[in-house]
Amino acid sequence: MTGPLEGIRILDLTSNFMGPYGTLLLADMGADVVKIEAPAGDTTRGVGPARNPGMGAIFLHLNRNKRSMCIDLKTEQGAATLRRMATSADVVFSTMRPAAIARLGLSYDELSAENPGLVYCAAYGFGRRGRYADKPAYDDLIQAAVGLPVMQSKRVGEPAYVASAIADRVVGMYAAVAISSALVHRERTGKGQQIDVPMFESFAQFAMGDHLYGLSFEPPIGTSGYARMMSPDRRPYKTLDGYIAVMVYVDKHWHRFFELAGRPEMKDDPRFGTIAGRTRNIDHLYRFVGETLAHRTTAEWVRLLEEADIPVMPMNTPETLIEDPHMRDVGFFVEEEHPTEGLIRQMAIPHEWSATPPDRRLPPPRLGENSAEVLAEYGFSEAEVQELLASHAVRTPAVTVEDAR
């Protein structure tokens, strides 16, 4: 077995971060994901350090366990090829705009007419019933649109994006869950369906679970924004020799921390004795924590806080995370020899299964690396494959590189 989704065929018409992260999760679970790329390739192929053109660091971490097929969908032969492949696919996942999909004859209505069991996931920036439906969407735009930078500004003074493509990755997860759920439904009923996963609405649900807060009631009970999350003093705290993360949260944590700080009387202060009081006075409390932790080393605080059963972790950097002893224990960072890129560092699939364990079975592919083999598996004869390659409607790495010159 190569994972619980072994045997599921997915045609991946996505690029950039959101869609490829969703299909990465499905590919890691064993699905056969064929990454359909235009002749220029996925935009992330050019992002970050690279040993060879088109194989940048960001691409490597979004596209393992997939195969790449390079199709020029702007040609009739290319679009027709994909339509034919969709007749025997289990899933089509697209982040293309609806108008572009319609022009290519790749809409759900057209594909499901030939394949009623098809699960068709369309991930867009904005829901199709709203006035923003035709607007482009990127991670930064969606973060701003749901108000996340405003929440960040309560901490850092100016609106700021989270230092991660968090909207892309979260919505990619939503899409992977939706596709998996639709496959379960098809298993039970034999029926496929279309799923729309809009970024704006999906990420709003994610972010506003914390920050709708007082606006959860009508009329409102207070303002928006989870106060603890937005406190400027909610941060890693400086120690004598580094930084440390401490989660002093429930009553027993605070009582023990007040003891360690030499201020046991604070547990009887009505401002700090209950979670409701602490939430109202969280800025004061977090400043107190920061001032207290500044007087000992990280190692001293880790020992004292662990003995008191108060959640604590030393702060890593990306460099020290690679050397973290727990990560070494579980084998999270793995060095692998890539066929063209040499020795690269990959991350493990982070969950474990007792019966159908997934695995890292395929390295991130070169552009069009698997075009010919995929066509054969989808029922194209050798003569048809050669005709498509000769027309450049479908391309291999050699043709793609030659064209780029």
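Selection of first residues in the stretch 318-333 that are closer than 17 Å to Asp359 by Cα and of second residues that are of a type outside the set (A, V, I, L, M) and outside any loop (DSSP other than H, G, I, E, B), restricted to Cβ pairs under 7 Å at least 6 apart or on distinct chains, gives the following pairs, ordered by first then second residue: Phe333/Arg345.
Here is a yes/no grid of residues against (1) modelled with pLDDT under 95; (2) more than 18 Å from Gly19 (Cβ to Cβ); (3) among the aliphatic types (A, V, I, L, M):
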residue	(1), (2), (3)
Gln143	no, no, no
Met151	yes, yes, yes
Asp196	no, no, no
Gln205	no, yes, no
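Okay, residues lined up against (1) modelled with pLDDT of 95 or more; (2) assigned by TED's automatic domain parsing to the domain that holds Asp32; (3) under 26 Å from Thr87 (Cβ atoms); (4) surrounded by 15 or more Cβ atoms within 10 Å (Cβ to Cβ):
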| residue | (1), (2), (3), (4) |
| --- | --- |
| Gln346 | yes, yes, no, yes |
| Pro350 | no, yes, no, no |
| Ala355 | no, yes, no, no |
| Ser371 | yes, yes, yes, yes |
| Glu382 | yes, yes, yes, no |
| Leu389 | yes, yes, yes, yes |
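Set side by side, the residues Ile179, Ile195 differ, and just one is assigned to a helix (DSSP H, G or I), more than 10 Å from the chain's Cα centre (by Cα) and among the β-branched types (Val, Ile, Thr), which is Ile179. In the stretch 188-205 there is no residue matching the filter, namely being farther than 30 Å from Thr95 by Cα and charged (D, E, K, R).
In summary, Ile221 fulfils each of the numbered conditions (1) at pLDDT below 95; (2) assigned to a helix (DSSP H, G or I) with the single exception of condition (2).
The rows are residues; the columns are (1) outside any strand (DSSP E or B); (2) surrounded by fewer than 19 Cβ atoms within 10 Å (Cβ to Cβ).
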residue	(1), (2)
Cys70	no, no
Arg84	yes, yes
Ser88	yes, yes
Phe93	no, no
Ala122	no, no
Arg131	yes, yes
Ala137	yes, no
Met151	yes, no
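Taken together, the residues in the stretch 239-256 that are out of contact with any strand residue (DSSP E or B) (no Cβ under 6 Å at 6 or more places or on another chain), under 14 Å from Glu300 (Cα atoms) and buried (at least 16 other Cβ atoms within 10 Å of the Cβ) amount to 1.
For Phe288, all conditions in the list (1) closer than 25 Å to Gly222 by Cα; (2) surrounded by 13 or more Cβ atoms within 10 Å (Cβ to Cβ); (3) over 33 Å from the mean Cα position of the chain (by Cα) hold save one; what is the number of the exception? Only one criterion is unmet by Phe288, namely (1). Of the helices (runs of 4 or more DSSP H) lying entirely inside the stretch 313-405, those containing at least 1 residues that are within 24 Å of the chain's Cα centre (by Cα) and closer than 30 Å to Ala245 by Cβ span 318-322, 325-330. Any residue that is outside the structural domain of Ala160 (by TED's automatic domain parsing), closer than 30 Å to Met208 by Cβ and not in a helix (DSSP H, G or I) - is there at least one of those in the stretch 282-304? No, every residue in the stretch 282-304 fails to be outside the structural domain of Ala160 (by TED's automatic domain parsing), closer than 30 Å to Met208 by Cβ and not in a helix (DSSP H, G or I).
Among residues belonging to the stretch 198-238 that are hydrophobic (A, V, I, L, M, F, W, C) and under 19 Å from the mean Cα position of the chain (by Cα), point out the one that is surrounded by the most Cβ atoms within 10 Å (Cβ to Cβ).
Kept after step one, since they are hydrophobic (A, V, I, L, M, F, W, C), are these residues of the stretch 198-238: 199-200, 203-204, 206-208, 212, 215, 217, 221, 227, 229-230.
Subsequent filtering for residues that are under 19 Å from the mean Cα position of the chain (by Cα) retains 199-200, 203-204, 206-208.
Numbers: Met199: 28, Phe200: 21, Phe203: 23, Ala204: 19, Phe206: 17, Ala207: 20, Met208: 17.
For the stretch 198-238, the residue satisfying everything is Met199.
Within the stretch 1-28, the set of residues being touching a helix residue (DSSP H, G or I) at 6+ places or on another chain (Cβ under 8 Å) and either polar (S, T, N, Q) or in a loop (DSSP other than H, G, I, E, B) (or both) comprises Gly3, Leu5, Ile8, Thr14, Ser15, Asn16, Phe17, Thr23.
The values are calculated or read from the model by the stated rules, or taken from the named source; none is laboratory data. Keep in mind that what you see is a predicted model, and the values were worked out from it rather than measured. In this analysis, Cβ positions are derived from the backbone assuming ideal geometry, glycine residues included, and neighbour counts consider all displayed protein chains.
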